[in-house]
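Worksheet for the structure shown next.
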2 protein chains.
Amino acid sequence: MRKIAILGVGQTKVDEQWEKSLREIGGEAAFAAMQDAGVDKVDSLFVGNMLSPLISGQNQLGTFFADWVGLWHQEAVKIEAACGSGAAAFRAGLMAVASGDIESALVIGVEKMTDKAGHDITAALSTAADADYEVEQGISFVGINALVMRRYMHEFGWKHADFAPFSINAHANAMHNPYARLHEKISIEKFERSSMIATPINLLDASPVGDGAAAVVIVPAERVASLKGKPRVTVAGSASSTDTIAVHSRKDPLFLSAAYQSSKRAYEMAGLKPEDIDVFELHDAFSIMSALSLEASGFAEHGQGVRLGLDDEINPKGRIPVCTRGGLKARGHPVGATGIYQIVEVVQQLRGECGHTQVEGAQIGMTQNIGGSGATILTHIFNVE
Amino acid sequence: MRKIAILGVGQTKVDEQWEKSLREIGGEAAFAAMQDAGVDKVDSLFVGNMLSPLISGQNQLGTFFADWVGLWHQEAVKIEAACGSGAAAFRAGLMAVASGDIESALVIGVEKMTDKAGHDITAALSTAADADYEVEQGISFVGINALVMRRYMHEFGWKHADFAPFSINAHANAMHNPYARLHEKISIEKFERSSMIATPINLLDASPVGDGAAAVVIVPAERVASLKGKPRVTVAGSASSTDTIAVHSRKDPLFLSAAYQSSKRAYEMAGLKPEDIDVFELHDAFSIMSALSLEASGFAEHGQGVRLGLDDEINPKGRIPVCTRGGLKARGHPVGATGIYQIVEVVQQLRGECGHTQVEGAQIGMTQNIGGSGATILTHIFNVE
């Protein structure tokens, strides 16, 4: 497989963007990435999106955006893997360029969610779960995660406040990210007083949805051997894995086996180990997912992920910095776009562009994007040369 | 790009399959393809589907089917390009195996449409068009195609009955395909008496939707150097192209520029010309699309595609046989599955398994799958060795 480099990145602020259409939001990120890459044309377009058929009545987003950003006659397609759609689109673009059949790809992750009422969004998000065996029972997506979190607390003896460091870190880091949805520092007291959504998940355990888009331009690495000035970021590892779609079908609902498998394959491809990772943009849709992701990816023992937060190891100066730009929790979670936001953020870290939340000397970054309740998990590793 | 072979194919009958779930329909085709391939495991799964979020409340179909067919921990993803989803999923799988990162892929095209009322299906299908600038005006998908057909008749002086040979040929061929939705021979008289849907498109110009799934297993060609007994079918050309999403944005709404571009690239990749193609499974969602597809792919002059039907050149013994298993018109059009049905049918032709509608000595076959009103078009060329 030939080596791939990230030539440019772009993003919009995650927000309620009622004044902008789906087209405009995705286009804004795409143009930013192409400008950053210094190109006005690419061979192909891969779009990660989950909800546009349900929220915007629009399918065929590949061609929809190719048309909007002026890539007529180029190849274009949409990829969907629930909240893992962004990274899945990135991997599809990666495979296409790696195959040698095409020479460049623009990958957009885009989601416009807030035009609908809350109950409509909750219903739309439930399509990530098993329609026949989970959703038919009346459970929502946050409800499924609440069952998992409750079991984890019971099994390993953690209390609710032990999850607070994940949210506090994410909110603190987002203060320095102009693209983040929430700019609001939180404390342990605020975390404990927050409204309950689905016990034991409260408002500050959960990530806010939002409208937003992020984009990257990728090319074969040999094409950017001498990027003047800017450090060259390349893809060192890429893997996707799956688990059962329904949580109740798993032997151990507290083990993200698809995270274990995809991170294992990505480490192997990169020739690296967990201790080599300088920064890790994980999928903290709910605080419990931060713990499970850290455990399955080799950063903590089973049941001990929360300890990394309690030991102050997850901030930008810690042993394994996570959510350095705010994570899903505070940057926001425009579901199909999230996987690309994570990649954009890791590229910013490896380029040394993160100011107050810069991980000093970051050379190797990892992203992990999750679709459903751990059903589809993609892990990517990037390095800077 | 390394050469890819089709190791196995499978399909279900296109029908109203109310007694079977989405899972069961897709699984049936997948198991049939794996059995035909003689494998019980593959590295990855690519699913083409357009409507499951809207009709079945189910997203994340990649992982959904990986779980159902027992491919836990394998990579899986869904691809959507409206009615071009099937071929787009095939091409994504092709790129992934061609990249060298994975060694085999199962590609499923699946659609369950008939659980909903007709107006719901019409609304769901309209998501293939431009939501802001076409659908907002109240036009349906058949309405858009009717405008194109009317313009074509006006521009080139054809009358409605001139399109009849496309439908008559498709229905005649479907008589010999047990998987076809319609087994009903039609005549020119019946064609002319058929109910009008959206003038000038009548019921026999339009393809019926349906529930159905088709699947293929692909591997690097070197892995099947000596397939005992069965001829080896390989991919000679693959290309995807796009046009504006709205028909009114095109310079010439009667020219499928994305068909022209994708067939041109596929011919170049294969080192072939239109006259080398022995059988062509085209996308006859409406009879007008057969004409436009033949023209843009180099088989007829602009405005003269219908002449191939009138001159009796499109039947299995003609110069360019199309819809040899019934096409969308009579095999049926389970939208996201259609692109894979076309590939399965061409493989059957190249293997010489088509009985009464076998194209004698067929060595090279082509498929063309269209998403939206000519917005996304994928062309694939296959040969047998």
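The values are calculated or read from the model by the stated rules, or taken from the named source; none is laboratory data. Bear in mind that the values here come from a model prediction, so they are computed numbers and not experimental data. Heads up, the Cβs are rebuilt from the backbone with ideal geometry, glycines too, and the neighbour counts pull from every protein chain shown. These accessible areas exclude ligands, DNA and RNA; they are computed on the full protein's heavy atoms, side chains included. Shrake-Rupley method; radii C 1.70, N 1.55, O 1.52, S 1.80 Å.
The Cα center of segment B:349-383 and the Cα center of segment B:149-199 differ in position by 20 Å.
Decide, for segment B:67-107, between rounded, prolate and oblate: order the square roots of the alpha carbon gyration tensor eigenvalues as a ≥ b ≥ c, take rounded if a/c falls under 1.5, and otherwise choose prolate if a/b is larger than b/c, else oblate. Numbers along the way, then the final one.
Details: a/c = 2.68, a/b = 1.20, b/c = 2.23.
Since a/c reaches 1.5 but b/c is at least a/b, the shape of segment B:67-107 is classed as oblate.
Principal axis analysis of the Cα atoms in segment A:150-219 yields extents of 47, 27, 19 Å, listed in decreasing size. The mean number of partner chain beta-carbon atoms within 10 angstrom of a residue's beta-carbon across peptide B:128-137 is 4. For B:Glu275, place a label point 7 Å from Cα along the Cα-to-Cβ direction in every copy; what are the distances to the other copies, in nm, shortest first? The projected label point of B:Glu275 is separated from its counterparts by 6.9 nm.
Looking at the protein assembly as shown, the DSSP beta bridges with both ends there are about 70 percent antiparallel. Values of log10 I(q)/I(0) for segment B:254-343 across q = 0.11, 0.12 Å⁻¹ run -0.28, -0.34, by the Debye formula with one identical scatterer at each alpha carbon and no solvent.
With q set to 0.15, 0.19, 0.23, 0.24 Å⁻¹, the log10 of I(q)/I(0) for segment A:1-84, from the Debye formula over equal scatterers at the Cα positions, is -0.59, -0.95, -1.32, -1.40.
When Lys and Arg each count +1 and Asp and Glu each count -1, what net charge do the other residues less than 9 Å away from B:Glu222, Cβ to Cβ, add up to? Mind showing how you got there, number by number?
Details: positive: B:Arg2, B:Lys3, B:Arg223; negative: none.
For residues surrounding B:Glu222, the net value is +3.
Working from Cα positions, state the angle (0 to 90°, nearest 10) between the long axis of helix A:257-270 and the longest principal axis of chain A. Roughly 40 degrees, rounded to the nearest 10.
Using DSSP, restrict attention to beta bridges with both residues in chain B and report what percent are antiparallel, rounded to the nearest 5.
Details: 37 of 52 bridges.
Beta bridges within chain B, antiparallel portion: roughly 70 percent.
Placing a label point 7 Å from Cα along the Cα-to-Cβ axis, A:Gln363 is separated from the same position in the other copies by 5.6 nm, shortest listed first. With the label 7 angstrom out along Cα to Cβ, how close does B:Gly138 come to the same site in each of the other copies, in nm, nearest first? For B:Gly138, the other copies' label points sit at 4.1 nm, shortest first. With each label modelled as a point 7 angstrom along the Cα→C-beta vector, the A:Glu222-B:Lys230 pair spans 3.6 nm.
Using the Cβ-Cβ distance between B:Arg151 and A:Ser249 with R0 set to 60 Å, the FRET efficiency works out to roughly 0.70.
Counting Lys and Arg as +1 and Asp and Glu as -1, what is the net charge of the other residues whose Cβ lies under 12 Å from the Cβ of B:Met289? Walk me through the intermediate numbers first.
Working: positive: B:Lys329; negative: B:Asp205, B:Asp284, B:Glu295.
Cβ neighbours under 12 Å give a net charge of -2.
Would you please classify the overall shape of segment B:309-364 from the alpha carbon gyration tensor, given that a ≥ b ≥ c denote the square roots of the eigenvalues, rounded means a/c under 1.5, and beyond that prolate means a/b larger than b/c while oblate covers the rest? Can you show the working numbers first?
Values: a/c = 2.23, a/b = 1.26, b/c = 1.77.
Oblate is the answer for segment B:309-364, as a/c is 1.5 or above yet b/c matches or exceeds a/b.
Just the ratio, please: alpha-carbon radius of gyration of segment A:137-270 over 2.2 N^0.38 Å, N its number of residues. Normalised Cα radius of gyration, segment A:137-270: 1.37. Note on chain B: with a GNM built from Cα contacts shorter than 10 Å, the maximum mean-square fluctuation among B:Gly352, B:Gly210, B:Gly371 falls on B:Gly352.
So, counting K/R as plus one and D/E as minus one, what does the shell of residues with Cβ under 11 Å around A:Trp68 add up to? Residues near A:Trp68 contribute -4 overall.
Each principal axis of segment A:65-192 carries a Cα extent, and these read 55, 43, 33 Å when sorted largest first. When a 1.4 Å probe is rolled over the protein heavy atoms, the share of accessible surface on segment B:221-297 that falls to carbon and sulfur comes to 51 percent. Here the sum of -39500 (n - 2.57) over DSSP H runs of 4 or more residues, divided by the residues of the protein assembly as shown, equals -10000 deg cm²/dmol at 222 nm, to the nearest 500. Dividing the convex hull volume of the alpha-carbon atoms in the protein assembly as shown by its residue count gives 136 Å³ per residue.
With the convex hull constructed from alpha-carbon coordinates only, segment A:89-141 shows a mean projected area of 5.4 nm² over all directions.
Semi-axes of the equivalent ellipsoid for chain A, computed as √(5λ) from the eigenvalues of its C-alpha gyration tensor and ordered from largest down, come to 30, 23, 19 Å. Between A:Glu192 and A:Glu360, the modelled labels are 3.3 nm apart [label points 7 Å from Cα along Cα→Cβ]. Over segment B:55-135, what is the mean sequence separation of C-alpha contacts under 8 Å (at least six apart), divided by residue count, expressed as relative contact order in percent? About 24 percent, as a whole number. Each Cα pair under 8 Å and six or more residues apart adds its sequence gap; the mean of these over the residue count of chain B is a relative contact order of 26 percent. Peptide B:238-251 has a mean shielding of 5, counted as Cβ atoms of other protein chains within 10 Å of each residue's Cβ.
Calculated FRET efficiency, B:Leu203 to B:Ala161, Cβ-Cβ distance, R0 = 25 Å: about 0.95 to the nearest 0.05. Mind checking segment A:114-201 for GluC sites (Glu not before Pro) that DSSP puts in a loop (not H, G, I, E or B) and that have at most 16 other Cβ atoms within 10 Å? Passing sites in segment A:114-201 are A:Glu184. Summarising the label geometry, the points placed 7 Å from Cα in the beta-carbon direction at A:Arg319 and A:Gln304 lie 0.8 nm from one another. Surface analysis of chain A yields an accessible area of 32 Å² per residue, using protein heavy atoms and a 1.4 Å probe.
Under the combined filter of DSSP loop state and at most 11 neighbouring Cβ atoms within 10 Å, segment A:325-360 retains these GluC sites (Glu not before Pro): A:Glu360.
What Kirkwood hydrodynamic radius do you get for segment B:213-372 when you take the inverse of the mean 1/r over all pairs of distinct Cα atoms, in Å? Show your work: numbers first, answer last.
Numbers: mean 1/r = 0.0614 Å⁻¹.
Hydrodynamic radius (Kirkwood, Cα pairs) of segment B:213-372 is 16.3 Å.
For a straight C-alpha distance cut-off of 21 angstrom, the lysines reachable from A:Lys329 (same-chain residues fewer than eight places away being disregarded) are A:Lys13, A:Lys112, A:Lys116, A:Lys159, A:Lys185, A:Lys190, A:Lys317. Averaging the sequence gap over all C-alpha pairs within less than 8 Å and six or more residues apart, then dividing by the number of residues, gives segment B:87-173 a relative contact order of 14 percent.
Summarise the partner chain shielding of A:45-52 as one whole number: the mean count of Cβ atoms from other chains within 10 Å of each residue's Cβ. Numbers along the way, then the final one.
Working: counts 1, 2, 1, 0, 1, 3, 2, 4.
Average per residue, whole number: 2.
Pairing chain B with chain A buries about 4500 Å² of accessible area. This figure sums both sides and uses a 1.4 Å probe. The loop-placed chymotrypsin sites (Phe, Trp or Tyr not before Pro) in segment B:5-111, going by DSSP, that have at most 14 neighbouring Cβ atoms within 10 Å of their Cβ come out as B:Trp18.
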